[in-house]
Amino acid sequence: MKCLKLNNMKRNQPFKMNFIISLAGLMCCFHLLPTSVAAQNDAVVGKTMSPLMITDGNNQPKAIPFVGEKVLLIQYTDPDVKDVNDKLSDAVKAKKFDARLYQGIGIANCKDTWIPNAGIRMKARQKEKQYAGSVILLDENHIVPKALDLGDCNAMGVLLIVGKDKAIKYMKKIASEDESLKATPEVIKILEEEIGK
């Protein structure tokens, strides 16, 4: 009986060792994840924004407006999670920032969704009515993430604050309404600082 237990222990040792090594590797990946997200944010913040040419809600080419003229809050959002930042948008709207100094811009990430572009254009026009004075555009070919090195933007909303100097002041990827609510005070603080310059 002792011999049988000894053989089973020896047989299980490679399994235990592989399990421990796999677990350690997984823990290292999770440890590095916040660092890589922070590194990506650092790589984007400070970049100069240009008026990239994308499409409007009427399927016409349109450059991202007001770059270098106003402080911009750009929300680059996958339509699959289209409402992820609505409460943040409502909080920003409630601040009633001076329209001569501030502009909210929504950009639909059409490349990462199954929803047809015609449906997205219709929803874009509805959002423009919901958030009076806002601008809603469509990016059908990942033009924005490629130009700004945003990386994967699937199933999330990406918040960008661009100063009047065209520099990106803030970037955060949002995957849930909870994350959006947590980011709201920081977004409003940076907007107030940039508008006040």
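The values are calculated or read from the model by the stated rules, or taken from the named source; none is laboratory data. Please read all numbers here as calculations on a predicted model, not as lab measurements. A quick note on method: Cβ atoms are made from the backbone with ideal geometry, for glycine too, and the neighbour counts reach across all protein chains shown.
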Test R100 against the criterion of being farther than 19 Å from V45 by Cβ and crowded, with 16+ Cβ neighbours inside 10 Å, and give yes or no. no
Filter region 171-190 for residues that are exposed (fewer than 13 other Cβ atoms within 10 Å of the Cβ) and touching a residue at least 60 places away in the same chain (Cβ under 8 Å) and give the result. S176
Of the residues in region 75-95, how many are in a loop (DSSP other than H, G, I, E, B) and either of a type in the set (A, V, I, L, M) or farther than 19 Å from M156 by Cα (or both)? 2
Going through (1) farther than 23 Å from A63 by Cβ; (2) touching a Pro at 6+ places or on another chain (Cβ under 9 Å) one by one, D139 fails only at (1)
Single residue of V144, V135 found to be in contact (Cβ under 8 Å) with a residue 40 or more places away in the chain, touching a Phe, Trp or Tyr at 6+ places or on another chain (Cβ under 7 Å) and of a type in the set (V, I, T): V144
Being assigned to a loop (DSSP other than H, G, I, E, B) and out of contact with any helix residue (DSSP H, G or I) (no Cβ under 8 Å at 6 or more places or on another chain) is the filter; apply it to region 50-63 and report the residue that is surrounded by the fewest Cβ atoms within 10 Å (Cβ to Cβ). Q60
Go through region 127-174 and give me each residue that's farther than 24 Å from K70 by Cα, aliphatic (A, V, I, L, M) and in contact with a strand residue (DSSP E or B) (Cβ under 8 Å, 6 or more places away or on another chain). M156
Looking at K82, K95, K47, K70, which one is basic (K, R), farther than 14 Å from V135 by Cβ, modelled with pLDDT of 90 or more and surrounded by 13 or more Cβ atoms within 10 Å (Cβ to Cβ)? K47
